[in-house]
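Step one of this worksheet: look at the structure below.
The values are calculated or read from the model by the stated rules, or taken from the named source; none is laboratory data. Just so it is clear, the structure is predicted and the values come from calculations on it, not from any experiment. Cβ placement follows ideal geometry from the backbone for every residue including glycine, while neighbour counts extend to all protein chains displayed. We work out accessible area using only protein heavy atoms, side chains counted, and drop any ligands, DNA or RNA first. Shrake-Rupley method; radii C 1.70, N 1.55, O 1.52, S 1.80 Å.
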Amino acid sequence: MVSAKGRTIGGIDDLKGKRVAIQYETTPQNLLAGREDIEKVTVLTPEEGMRVLDQGQADVAFIWGPVAGWLNKTEYNDRYRV
(Lines give C-alpha, C1' and ligand atoms only; values in the text may rest on other atoms or scores of the structure.)
Protein backbone atom coordinates (compact mmCIF):
# COMPACT_ATOMS: atom_id res chain seq x y z
CA MET A 1 0.00 0.00 0.00
CA VAL A 2 1.21 3.48 -0.84
CA SER A 3 0.14 6.54 1.13
CA ALA A 4 1.33 10.00 2.07
CA LYS A 5 4.21 10.00 4.51
CA GLY A 6 2.82 10.41 7.99
CA ARG A 7 -0.32 8.39 7.23
CA THR A 8 -0.17 4.98 8.84
CA ILE A 9 -2.01 2.14 7.15
CA GLY A 10 -1.68 -0.96 9.29
CA GLY A 11 -4.30 -3.09 7.60
CA ILE A 12 -7.45 -3.27 5.52
CA ASP A 13 -9.62 -1.76 8.25
CA ASP A 14 -7.51 1.42 8.12
CA LEU A 15 -8.85 1.95 4.58
CA LYS A 16 -12.42 2.57 5.85
CA GLY A 17 -13.80 5.78 4.38
CA LYS A 18 -10.78 6.21 2.11
CA ARG A 19 -10.52 6.36 -1.69
CA VAL A 20 -8.25 3.49 -2.67
CA ALA A 21 -6.67 3.05 -6.09
CA ILE A 22 -6.69 -0.65 -6.98
CA GLN A 23 -5.55 -2.30 -10.17
CA TYR A 24 -8.17 -4.11 -12.25
CA GLU A 25 -8.19 -7.92 -11.97
CA THR A 26 -5.69 -8.15 -9.11
CA THR A 27 -5.73 -9.67 -5.65
CA PRO A 28 -6.26 -6.26 -3.98
CA GLN A 29 -9.36 -5.71 -6.13
CA ASN A 30 -10.73 -9.11 -5.15
CA LEU A 31 -9.88 -8.50 -1.49
CA LEU A 32 -11.73 -5.17 -1.37
CA ALA A 33 -14.64 -6.17 -3.64
CA GLY A 34 -17.04 -6.85 -0.77
CA ARG A 35 -16.07 -3.81 1.29
CA GLU A 36 -18.78 -1.18 0.93
CA ASP A 37 -17.00 1.07 3.44
CA ILE A 38 -14.04 1.64 1.10
CA GLU A 39 -14.32 3.70 -2.08
CA LYS A 40 -12.53 1.88 -4.90
CA VAL A 41 -10.80 3.80 -7.69
CA THR A 42 -10.09 1.19 -10.36
CA VAL A 43 -6.94 1.66 -12.43
CA LEU A 44 -5.36 -0.44 -15.18
CA THR A 45 -1.68 -0.20 -14.19
CA PRO A 46 0.44 0.49 -11.11
CA GLU A 47 1.64 3.65 -12.87
CA GLU A 48 -1.94 4.88 -13.14
CA GLY A 49 -2.49 4.02 -9.47
CA MET A 50 0.44 6.19 -8.45
CA ARG A 51 -0.74 8.97 -10.75
CA VAL A 52 -4.26 9.11 -9.27
CA LEU A 53 -2.73 9.11 -5.78
CA ASP A 54 -0.42 11.95 -6.75
CA GLN A 55 -3.29 13.91 -8.34
CA GLY A 56 -5.40 13.61 -5.19
CA GLN A 57 -8.01 11.34 -6.75
CA ALA A 58 -7.16 8.59 -4.23
CA ASP A 59 -5.96 8.61 -0.62
CA VAL A 60 -4.10 5.31 -0.90
CA ALA A 61 -2.81 3.16 -3.77
CA PHE A 62 -3.04 -0.60 -3.16
CA ILE A 63 -0.64 -1.79 -5.87
CA TRP A 64 2.25 -4.22 -6.26
CA GLY A 65 5.01 -3.22 -3.82
CA PRO A 66 8.13 -3.57 -6.00
CA VAL A 67 6.65 -1.40 -8.75
CA ALA A 68 5.28 1.09 -6.22
CA GLY A 69 8.68 1.42 -4.56
CA TRP A 70 10.46 1.90 -7.88
CA LEU A 71 7.96 4.51 -9.08
CA ASN A 72 8.11 6.30 -5.74
CA LYS A 73 11.91 6.57 -6.00
CA THR A 74 12.20 7.35 -9.73
CA GLU A 75 9.08 9.38 -10.51
CA TYR A 76 7.87 10.83 -7.21
CA ASN A 77 11.12 11.73 -5.41
CA ASP A 78 10.35 9.37 -2.49
CA ARG A 79 7.40 11.48 -1.33
CA TYR A 80 5.19 8.50 -0.41
CA ARG A 81 5.31 5.75 2.17
CA VAL A 82 5.32 2.30 0.53
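Model label sites at Thr42 and Ala4, defined 7 Å from Cα along the beta-carbon direction, differ in position by 2.8 nm.
Using the Kirkwood formula on the Cα atoms of the chain, what hydrodynamic radius do you get, in angstrom to one decimal? Don't skip to the answer; put the middle values down first.
On the way: mean 1/r = 0.0810 Å⁻¹.
About 12.3 Å, per the Kirkwood formula over Cα pairs.
The GluC sites (Glu not before Pro) of the chain meeting both criteria, a DSSP state outside H, G, I, E and B (loop) and at most 13 other C-beta atoms within 10 angstrom of the site's C-beta, are Glu25, Glu36, Glu75.
Between the listed residues Asn30, Leu44, Thr74, the Cα displaced farthest toward the positive end of the dipole of the chain, a dipole computed from Cβ unit charges relative to the Cα centre, is found at Thr74.
Loop exposure criterion: chymotrypsin sites (Phe, Trp or Tyr not before Pro), DSSP state outside H, G, I, E and B, at most 16 other Cβ atoms within 10 Å. Applied to the chain, the longest stretch between such sites is 25-63.
So, R0 is 30 Å and r is the distance between the beta-carbons of Asp78 and Leu31; what FRET efficiency does that work out to, to 0.05?
Working: r = 27 Å, r/R0 = 0.89.
Using R0 = 30 Å, I get an efficiency of 0.65.
Listed by chain and number, the lysines whose C-alpha is less than 16 Å from the C-alpha of Lys16, apart from same-chain residues fewer than 8 away, are Lys40.
Per residue, the solvent-accessible area of the chain (1.4 Å probe, heavy atoms of protein chains only, all protein chains present) comes to 58 Å². Here the chain carries DSSP beta bridges of which approximately 35% are antiparallel, counting only pairs with both residues inside.
How much of the accessible area of the chain, probe 1.4 Å, is carbon plus sulfur, in whole percent? Carbon and sulfur: 47 percent of the exposed surface of the chain.
Would you calculate, for the chain, the mean residue ellipticity at 222 nm contributed by helices, counting each DSSP H stretch of 4 or more residues as -39,500 (n - 2.57) and dividing by all residues, to the nearest 500? Walk me through the intermediate numbers first.
Details: 3 runs with 25 residues, N = 82.
That comes out to -8500 deg cm²/dmol.
For Met1, Met50, the ranking by accessible surface with the largest value first comes to Met1, Met50, using a 1.4 Å probe.
Bridgeable aspartates and glutamates around Lys5 (alpha carbons under 12 Å apart, same-chain partners fewer than 8 residues away excluded): Asp59, Asp78.
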